[in-house]
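One structure below.
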Amino acid sequence: MDATTTAQQPLSRLNIFAGKGVQMRTFHLTWLTFFFCFFGWFGIAPLMPLVREQLHLDKGQVGNIVIASVSATILARLLMGKLCDTIGPRLAYTILLAVGAIPVMFIGLSNSYESFLLFRLAIGIIGASFVITQFHTSMMFAPNIVGTANAVAGGWGNLGGGIANMLMPLVAAAFVALGYVDKANSWRLAMVVPGVILLIMAVLYYKYTEDTPRGNYADIERNTTTKKKGTFLLALRDYRTWLLALAYGACFGIEITIDNVAAVYFVDHFGATLVAAGLLAGIFGGMNIFARGLGGIVADRAGRAYGLNGKWLLLSVMLVLEGIGIAFFAVAPSLPLAIAAMLGFALFLKMANGCTYSIVPFVNKEAIGSVSGVVGAGGNLGAMLVGFLFKSSAITYSQAFLYIGFGVVAIGAVVLVVRLVVKEASEQAPELTLAGA
């Protein structure tokens, strides 16, 4: 096979240290862009104690802000999934980055609960970057390794949430130390930083990536019947799309909820300082550097050994273990035990994330973008629903985490039972090529 032919084919192995070729160049730019999207999406989360004090927010209002931060992402992910199937991931990502940078940079103009809520809602659209990341990675890698590639790209990108929890309090403190702003208003100037980075990434993504190994959508011949029409309905008609959306709500939905509330929980429940709470919340997000990728690797091996049923079984087991870990986290009587429980359930949660998107490319090869969008939206819908637990004045954060743990265990059981009951005779094995991808 000559170099030209190789350049036009999805890669059958992932070498994270390679950067040559359109596939690996796109891979690295995709996860790095997603990283900064996540950084901007949750950049305000560790600064919420400052925002809460300055804007005089009560528990219900903070809960509404948490819900708003993930709500707009639901529709944005559905839209971006469809756009990936039509205009391609390169243009879709560029548009999203340019538009999403605006509320990130200007949320500091908020002077009331209402205005802050609207900006937080608008920032949520950049969470749709995940769908584009998974779609674009699926275009660049062959079926035998696509689960691992998706998981690594998603995990390294999700790491942005953890790094934001660690760094944003330090960024805010740096502006105070330099004399540009006082501590109470430091969150306003700090949020300009991730917004500017998103604009830079928009330029880089447009200039240095391509839609597929064969080139951009506009430059290659495509089957408009299967690719441009009806992909969204194809995704919605398949029960597996909905089952994966439910599962993703129970893993990724919980992850972004914890990204939002962890710092506040550690400050209020255990008396941690703002910087210490951000560091602890960052450790949770930091596990994405390996845990989500590990989920994809194990899922690909399960797929090679036992077919797609092996991947589904692994997903249900990961969800059950995640739920048990969250329940232990909820009842932990001390900070060290809470940290230990958090590390345990974080491992299973992020592995479940990777496992979910190792299955997505095999649901319907003609509607990968739309399936990815619906499943991704399911993650944010899950986050939005559990967000109501954290705004309720009738229950504590600890009780909310306990209820979430029980719910995740139940969803893991549902995934297993449905797959045992419903037999999918036409289901493709992971070894088969994703024709048309």
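In the set (1) of a type in the set (Val, Ile, Thr); (2) touching a helix residue (DSSP H, G or I) at 6+ places or on another chain (Cβ under 7 Å); (3) over 15 Å from residue 289 (Cβ atoms); (4) surrounded by fewer than 23 Cβ atoms within 10 Å (Cβ to Cβ), the condition left unmet by residue 146 is number (4). All of (1) at pLDDT 95 or above; (2) buried (at least 16 other Cβ atoms within 10 Å of the Cβ) hold for residue 56 with one exception: (2). Tell me, yes or no, whether segment 294-306 has at least one residue that is free of Cβ contacts under 8 Å to residues at least 60 places away in the same chain, in contact with a helix residue (DSSP H, G or I) (Cβ under 7 Å, 6 or more places away or on another chain), assigned to a helix (DSSP H, G or I) and crowded, with 19+ Cβ neighbours inside 10 Å. Yes, the conditions are met somewhere in segment 294-306.
Residues considered: 176, 131. Of these, the only one that is of a type in the set (Val, Ile, Thr), in contact with a Gly (Cβ under 8 Å, 6 or more places away or on another chain) and either buried (at least 21 other Cβ atoms within 10 Å of the Cβ) or at pLDDT 95 or above (or both) is 131.
One line per residue, one yes/no per condition, for (1) surrounded by fewer than 21 Cβ atoms within 10 Å (Cβ to Cβ); (2) under 22 Å from the mean Cα position of the chain (by Cα); (3) more than 18 Å from residue 210 (Cβ to Cβ); (4) among the β-branched types (Val, Ile, Thr):
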| site | (1), (2), (3), (4) |
| --- | --- |
| 13 | yes, no, yes, no |
| 22 | yes, no, no, yes |
| 45 | no, yes, yes, no |
| 51 | no, no, yes, yes |
| 66 | no, yes, yes, yes |
| 93 | no, yes, no, no |
| 99 | yes, yes, yes, yes |
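Somewhere in segment 159-171, is a residue in contact with a helix residue (DSSP H, G or I) (Cβ under 6 Å, 6 or more places away or on another chain), polar (S, T, N, Q), in a helix (DSSP H, G or I) and closer than 28 Å to residue 70 by Cβ? Yes, the conditions are met somewhere in segment 159-171.
Residue-wise test of (1) assigned to a helix (DSSP H, G or I); (2) polar (S, T, N, Q); (3) over 18 Å from residue 161 (Cα atoms); (4) modelled with pLDDT under 95.
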{"residue": "325", "(1), (2), (3), (4)": "yes, no, yes, no"}
{"residue": "341", "(1), (2), (3), (4)": "yes, no, yes, no"}
{"residue": "346", "(1), (2), (3), (4)": "yes, no, no, no"}
{"residue": "350", "(1), (2), (3), (4)": "yes, no, no, no"}
{"residue": "354", "(1), (2), (3), (4)": "yes, no, no, yes"}
{"residue": "359", "(1), (2), (3), (4)": "yes, no, yes, yes"}
{"residue": "364", "(1), (2), (3), (4)": "no, yes, yes, yes"}
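The values are calculated or read from the model by the stated rules, or taken from the named source; none is laboratory data. Since the structure is predicted, the reported quantities are computational estimates derived from the model, not experimental observations. Every residue, glycine as well, gets a Cβ built from its backbone with ideal geometry; the counts of neighbours run over all protein chains shown.
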